[in-house]
Amino acid sequence: MLIEFQLNGKPTQVEAPADLTLLDLLRDTLGLTGTKHGCDIGECGACSVLLDGELVNSCMLLAPQVAGRQVITIEGVSGPHNTPNDMQENFIDSGAVQCGFCTPGLILAGEALLSHNPNPTRAEIREAISGNLCRCTGYQQVIDAIEVTAQQRQKQDGKAQVHHG
Ligand code: FES
Ligand code: FES
């Protein structure tokens with residue numbers, strides 16, 4: 001069947017079987033392999049993407065469920081000129097990227113959190129990433145990276161307001 005949706009801000013049309021998962025559509029049909037294939041049963045968060053701004057496990061959705069909706073994958077997250085964005089830089093600087101398998105999902109979990117809650121507590125960050133398993137870092141570095149990103153974005157917003165006000 002033909003599925004039409006917005007993928008990383010671009011109108012996308014793709015033919016796919018109705019029983020294909022969103023994860024397989026992204027990775028195998030569309031070649032976006034930044035979304036990782038982990039447990040396949042909704043428990044690890046490696047396959048996380050944003051669907052209309054909410055964090056979802058793409059292994060638990062069927063491709064037709066995204067029709068008419070907005071999907072953001074890790075390929076849709078970048079800074080100016082295709083460089084890493086501030087969250088990605090902070091993950092690297094904080095030591096939150098070790099094997100990297102969990103990283104795309106954790107970055108998207110961080111982005112989803114900060115879009116709803118720009119100034120989260122560490123407990124709120126921990127809760128927001130609770131569906132994303134990381135076997136390497138012990139999570140502290142991940143929480144640090146998201147916290148620093150929130151603080152930096154708050155400062156920038158503050159400056160922008162002063163500047164424009
Ligand atoms: S691969 Fe989807 S939650 Fe693990
Ligand atoms: S960095 Fe290896 S699983 Fe998280």
### Query
What list of ³J(HN,Hα) couplings, whole Hz, do you get for the range 10-20 from phi and the Karplus terms 6.51, -1.76, 1.60, once you set θ to phi - 60° and write x for glycine and proline?
10, x, 10, 10, 8, 8, 7, x, 5, 9, 6
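Taking 8 Å as the Cα distance limit and 6 or more residues as the minimum spacing, I'd like the relative contact order of the range 80-164 as a percentage.
About 40 percent, as a whole number.
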### Query
Relative to the longest principal Cα axis of the chain, at what angle does helix 140-164 sit, 0 to 90 degrees, rounded to 10?
70
### Summary
The lysines whose Cα lies under 22 Å from the Cα of Lys10, excluding any fewer than 8 residues away in the same chain, are Lys36
### Task
Would you be so kind as to identify which of Cys44, Asn119, Val56 lies farthest towards the positive end of the dipole of the chain, taking Lys and Arg as +1 and Asp and Glu as -1 on Cβ and the Cα centre as origin?
Asn119
## Note on the structure
Footprinting proxy, Met87, Met1, Met60: sorted fewest to most Cβ within 10 Å, the residues are Met1, Met60, Met87
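Suppose R0 equals 22 Å; then what is the FRET efficiency for Ser78 and Ala18 from their Cβ-Cβ distance, rounded to the nearest 0.05?
It comes out at approximately 0.10.
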## Note on the structure
Length gained, Arg126-Asp28, 0.36 nm per residue minus C-alpha separation, equals 32.1 nm
### Message
Let's test the formula: R0 of 25 Å, r as the Cβ-Cβ distance of Asn117 and Ile92. What FRET efficiency results, to the nearest 0.05?
### Response
0.60
### Message
Taking 2.2 N^0.38 Å as the expected size of a compact globular protein, what ratio does the Cα radius of gyration of the chain give against it, to two decimals?
### Response
1.06
### Query
Which value, in debye to the nearest 20, gives the size of the charge dipole of the chain about its Cα centre, when Lys and Arg are +1 and Asp and Glu are -1 at the Cβ?
340
### Message
Could you give the length gained by full extension between Leu2 and Ala160, i.e. 0.36 nm per residue of separation minus their alpha carbon distance, to one decimal place?
### Response
52.5 nm
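The numbers here are math on the coordinates, done by the rules we state, and not lab data. Note that the structure is a prediction, hence the values are computed from the model and not measured. All Cβ positions, glycine included, derive from the backbone under ideal geometry; neighbour counts span all protein chains shown.
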